[in-house]
1. Residue under question is residue 6, and the condition is that it be in contact with a strand residue (DSSP E or B) (Cβ under 9 Å, 6 or more places away or on another chain), more than 16 Å from ligand 1 (Cβ to nearest atom) and either in a helix (DSSP H, G or I) or within 26 Å of residue 116 (Cβ to Cβ) (or both); does it hold?
2. Given the conditions (1) more than 12 Å from ligand 1 (Cβ to nearest atom); (2) more than 18 Å from residue 80 (Cα to Cα); (3) within 15 Å of the chain's Cα centre (by Cα); (4) part of a helix (DSSP H, G or I), which single one is not true for residue 144?
3. Which numbered condition in (1) closer than 22 Å to residue 159 by Cβ; (2) in contact with a helix residue (DSSP H, G or I) (Cβ under 7 Å, 6 or more places away or on another chain); (3) in contact (Cβ under 8 Å) with a residue 24 or more places away in the chain; (4) assigned to a helix (DSSP H, G or I) is the only one that residue 76 fails?
4. Is it the case that some residue within region 201-208 is part of a loop (DSSP other than H, G, I, E, B), modelled with pLDDT under 95 and surrounded by 24 or more Cβ atoms within 10 Å (Cβ to Cβ)?
5. Please go through region 66-81 and give me each residue that is over 17 Å from the mean Cα position of the chain (by Cα) and surrounded by 13 or more Cβ atoms within 10 Å (Cβ to Cβ), ordered by number.
6. Residues 21, 14: which one is part of a helix (DSSP H, G or I), in contact (Cβ under 8 Å) with a residue 60 or more places away in the chain and within 16 Å of ligand 1 (Cβ to nearest atom)?
7. Restricting attention to region 154-176, which residues are away from ligand 1 (no atom under 16 Å from the Cβ) and either modelled with pLDDT under 95 or crowded, with 21+ Cβ neighbours inside 10 Å (or both)?
8. In contact (Cβ under 8 Å) with a residue 12 or more places away in the chain and out of contact with any helix residue (DSSP H, G or I) (no Cβ under 6 Å at 6 or more places or on another chain), is that true of residue 26?
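The values are calculated or read from the model by the stated rules, or taken from the named source; none is laboratory data. Note that the coordinates shown come from a computational prediction; the quantities given were computed from them, not determined experimentally. Here the Cβ is made from the backbone with ideal geometry for all residues, glycine too, and neighbour counts use every protein chain on show.
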Ligand SMILES: [Zn+2]
Ligand SMILES: [Zn+2]
């Protein structure tokens, strides 16, 4: 019985985590690949049933995080307090003016499902609705498969729910990890977070190239979520996919969404995400297209073309910075 519960826990954990990483994050928040609407809904529902609350709320807040990283406008910057960065932001009641979905998520505001789950922009109501649906589902599961499976599912979903919260904090504590790219923020790659979150912990890579469906860039940076997107592409469930590699030159914030293999039809709609000429592009944050470039002094810290160790990479990186 214990074994079957554990297996069920791991299966549910994986499904809900995929919903967050492949669905909420890389698809909704960043539009780093395209897929049919039914595939989008299935992925998003897998995340929703992992206590992730309103998809539109999630994507909007996450886009704000990329846009205002480490500033006071960042919804969860650890430098302004650990409690606020971990859970405090989640408990606010409504969207502040600067992060309204009408401004940051115009590609989602007319979607009837996302609109419904957003509960009129009232965060508490949206979280409550999410909790109600989540607990009800486990009640139904208990009736069908027994309480053990339902409990394993509930436990997995609740643990999964903590993961993005944990990531938001840990991957923005410079001492907790390492940087491949000299981004002008605190983002770092953290291996154990990547393990728990199916590849999301390669967060410095992600801040360097938010529009990329691929986050793990070196041989050691295993990124199961990207492998899943790639597999979906291989069987035709994903159309276009934005993928950077470790050899992609990081040029600073204005180029964050540009991939190496940029398809001709690709339209860069913002510094946060890249969208092909698909329906979802309609209404996306076009105001950001023409935002003034902010040239940064950019140094690619480690080229990772060889298989040298991370410590060596860091040493070389420091030398480069000193030069
Ligand atoms: Zn971040
Ligand atoms: Zn992101």
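1. no
2. So the condition that residue 144 fails would be (3).
3. The failed condition is (4).
4. No; the residues of region 201-208 include none that is part of a loop (DSSP other than H, G, I, E, B), modelled with pLDDT under 95 and surrounded by 24 or more Cβ atoms within 10 Å (Cβ to Cβ).
5. 73, 78, 79, 80
6. 21
7. 154, 156, 157, 160
8. Yes.
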